[in-house]
Structure formats: structure tokens, C-alpha cells
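In what follows, a single structure is set out as C-alpha cells and then discussed.
The values are calculated or read from the model by the stated rules, or taken from the named source; none is laboratory data. Since the model is a prediction, treat every value here as computed from it, not as a measurement. So basically every Cβ, Gly included, is an ideal-geometry build from the backbone, and we count neighbours across all protein chains shown. Accessible surface areas use protein heavy atoms only, side chains included; no ligands, DNA or RNA. Shrake-Rupley method; radii C 1.70, N 1.55, O 1.52, S 1.80 Å.
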Amino acid sequence: SPNSLPQLPEQSSSSSSSALFPSFPGSESQVYSAAESQDTVFADVAPLLTSLLDGYNVCIMAYGQTGSGKTYTMLGPQSEDDVTLSIEDELELGIIPRATEEVFRLISEKPSGSHWVEVSVVEVYNNEIFDLLAKDSCGRVFGVKRDVVTTKEVHSTIKFLQLVDKGLQLRVKHPTLVHAHSSRSHLVVTLTITMKAVSADSFASSPAQFESTEKLKHIKTKLQLVDLAGSECVGMSGVTGVALRETSFINRSLSALSDVLGAIAEQRSHIPYRNSKLTHLLQDSIGGNAKLLVMLCVSPCQKYVAESLQSLGFGTRARQVQRGQVKKRNLPVSSKSK
């Protein structure tokens with residue numbers, strides 16, 4: 001993961017640390033030094049993606065203070081003038097493009113036509129959801145505040161990256177004293193995988209939802225890849241005006257996310273998903289029997305030790321979410337002709 005020295009872009013890949021905090025049975029936390037490559041990090045993430053085809057929803061998110069390397073970890077390097085993803089340097093690609101490539105690789109091993117993928121790209125900005133793939137009446141792509149988001153069917157990683165690039169160009173960014181190109185919104189990229197369910201035995205222990213047609217059953221799973229906006233100390237970032245309002249919404253939504261994870265960890269009867277648009281959007285992939293993996297990005301600077309400890313506290317809370325073993329369920333099978 002990248003460094004978080006003041007005024008360096010979030011995607012710089014020098015010298016900071018990151019930690020992986022999964023919240024599902026049989027998983028272990030991992031810590032990565034500045035010398036670790038993107039390949040090494042993703043090697044520990046990739047096995048989780050097979051759960052998608054087993055019928056589980058999955059969420060992978062990056063958490064940390066502004067400038068600690070979340071966007072580099074999730075997307076890869078981006079220049080100050082060009083936010084688009086580059087596939088020329090594959091070694092530097094982050095979790096989002098790598099995870100999508102792995103999903104398509106897994107699907108390629110299945111019968112042709114049995115799986116298809118749809119993608120949506122949204123940002124949660126000031127506790128409102130903006131669809132970054134929506135188009136205006138002239139066909140131009142622009143962010144639109146809406147409840148029902150645009151989904152696009154994709155058949156390859158390249159097509160997926162093209163759609164994500166459109167969304168990245170619209171993501172809200174403002175400079176702060178900590179980070180010259182600070183993202184002011186939570187980016188949520190969602191891949192919805194639809195599979196033909198041949199028999200009940202195929203997903204006997206799956207928690208996923210089924211959708212019926214007259215002669216066929218389908219199962220849908222969701223992979224949500226999240227580049228969270230950075231947690232901020234106003235005294236450090238020096239923000240005022242609009243940026244100060246943005247910081248307030250960012251910190252409140254991150255606090256709501258922490259509250260949700262705490263409620264799940266304590267197995268409370270009520271989980272406060274609706275306290276924030278972010279947690280409501282992520283409900284399917286952080287609640288129930290979904291599998292959540294949190295990447296913590298931590299600054300090595302002594303001046304940010306309080307923020308680093310706060311990030312580690314969030315990771316500890318996420319690690320306490322133990323879902324236990326999934327109970328076997330009797331799911332419907334596709335109808336057979338007589």
C-alpha cells in the first residue's frame with residue numbers, strides 16, 4: 001500500500017502499511033509492509049471471490065484516513081491529470097480491476113451462457129447516492145442523484161474498466177492540507193452475477209436470493225467493491241466552507257458504518273442500516289451471511305498516530321464480526337417438464 005505523506009497523491013506507492021481484516025470463518029488477518037506488491041495483496045483476496053459462485057454476497061472495502069492509500073489499493077495508480085485506470089502496467093492494478101478479472105476467469109470455467117454480469121458505479125456524497133453511469137437527454141454521462149441506479153451488462157474486464165473510468169471522471173475531489181486530491185465521496189462499484197440454478201444441490205447451503213421464472217430459477221449474488229472517503233480530523237485537514245460540510249458527512253457515514261459492524265458483532269436484534277445511505281447501500285453485502293473483507297490503510301507518519309489508531313480500532317470492530325457457519329437451507333429447484 002502507498003504512503004500518505006502530506007500533499008502526496010493518494011495513489012502514490014511509496015511507504016505505508018496496510019492490513020487485511022476478514023470477517024468470516026476460517027480467515028486470518030494479514031499485515032502488509034510498504035515493500036509488498038499489489039500481486040501479494042490480491043493473492044490473499046482472490047480466494048474470497050469463489051464464494052460469489054457458491055451463492056454468497058461479498059464486500060471488499062478500503063478504510064483509512066485521507067491520503068493513506070485507499071484508492072491506490074482498490075484501483076491502482078492514477079496521475080493528477082488523468083483519473084482513468086491504466087491497464088498498461090498490470091503489476092500496479094488494484095483490487096477492483098483484479099477482482100473483476102478473476103470473476104470473469106471463474107465464470108469462463110462454467111458452462112457457456114450460465115452466468116452473466118451487470119455493473120453499477122455510484123458515489124455516496126453528502127449522504128446522497130449519485131449514479132455515475134446515468135446519461136442525460138443528449139447521451140452524455142453525468143452523476144445523477146437517484147434511488148434506482150443504472151446497471152450495465154458487461155462481458156469482459158476491458159468493458160468493465162471503461163465503465164468505471166466514466167464514473168471516476170465524475171467523482172468529487174477537493175484539496176485539503178493533508179491530501180491535494182482528496183476524494184470527497186465513497187465510491188461503490190457493484191458487480192451483480194446472475195446464475196442459472198440447475199438443482200437444489202448446487203446451492204444447498206447458499207444464503208443468496210432466488211428469482212423465479214416459469215421454467216427456470218436464477219440465483220443472484222453481489223460483489224461490492226468500496227473505496228471509502230478518508231476519515232478526517234478537521235484540525236489537520238484545515239477544511240472550511242463546502243469542504244467542511246463534506247467532512248462532516250464523511251465522518252458521520254463512517255461512524256454509521258462502524259455502528260453497523262458493532263451491532264452485527266454484538267448480534268443485536270436491530271442493525272441500524274438506515275442511519276446512513278452508505279450502510280443502506282451496502283446492507284446486502286455486509287449483513288446476513290455475506291462475507292466482508294476490510295483493507296485498512298495506515299500512515300507511517302508520527303503526526304497521524306491518532307488517525308492510525310482510530311483506523312485500527314475500526315479494523316478490530318470489523319474483525320469481531322463472526323458470522324458462524326451458514327445453516328443448510330432447502331432451496332427450490334427448477335421445474336421439470338412432465
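What to note about this one:
- Test: residue in the stretch 71-80 that is in contact with a Phe, Trp or Tyr (Cβ under 7 Å, 6 or more places away or on another chain) and modelled with pLDDT of 90 or more: no
- Output for the stretch 55-69, where each listed residue is of a type outside the set (Ser, Thr, Tyr) and at pLDDT 90 or above: Gly55, Asn57, Val58, Cys59, Ile60, Met61, Ala62
- Under the condition of being in a helix (DSSP H, G or I), touching a strand residue (DSSP E or B) at 6+ places or on another chain (Cβ under 8 Å) and basic (Lys, Arg), the residues counted in the stretch 271-292 number 1.
- For the stretch 313-336, filtering for residues that are at pLDDT below 85, among the aliphatic types (A, V, I, L, M), open to solvent by less than 70 Å² (accessible area, probe 1.4 Å) and in contact with a strand residue (DSSP E or B) (Cβ under 8 Å, 6 or more places away or on another chain) leaves 2.
- Considering only residues in the stretch 270-312 that are basic (Lys, Arg) and within 26 Å of Val122 (Cβ to Cβ), the one that is least open to solvent (accessible area, probe 1.4 Å) turns out to be Lys291.
- Helices (runs of 4 or more DSSP H) enclosed by the stretch 33-133 - at least 1 residues per element that are over 15 Å from the mean Cα position of the chain (by Cα): 38-45, 50-53, 95-108
- When restricted to residues that are of a type in the set (Gly, Ala, Ser), closer than 18 Å to Gly230 by Cβ and modelled with pLDDT of 90 or more, the stretch 242-286 contains 5.
- Filter pass, Leu85 being over 24 Å from Asn251 (Cβ atoms), modelled with pLDDT under 90 and open to solvent by less than 30 Å² (accessible area, probe 1.4 Å): yes
- In the stretch 136-191, residue farthest from Thr100 (Cα to Cα) [restricted to those that are among the acidic types (Asp, Glu) and modelled with pLDDT under 75]: Asp136
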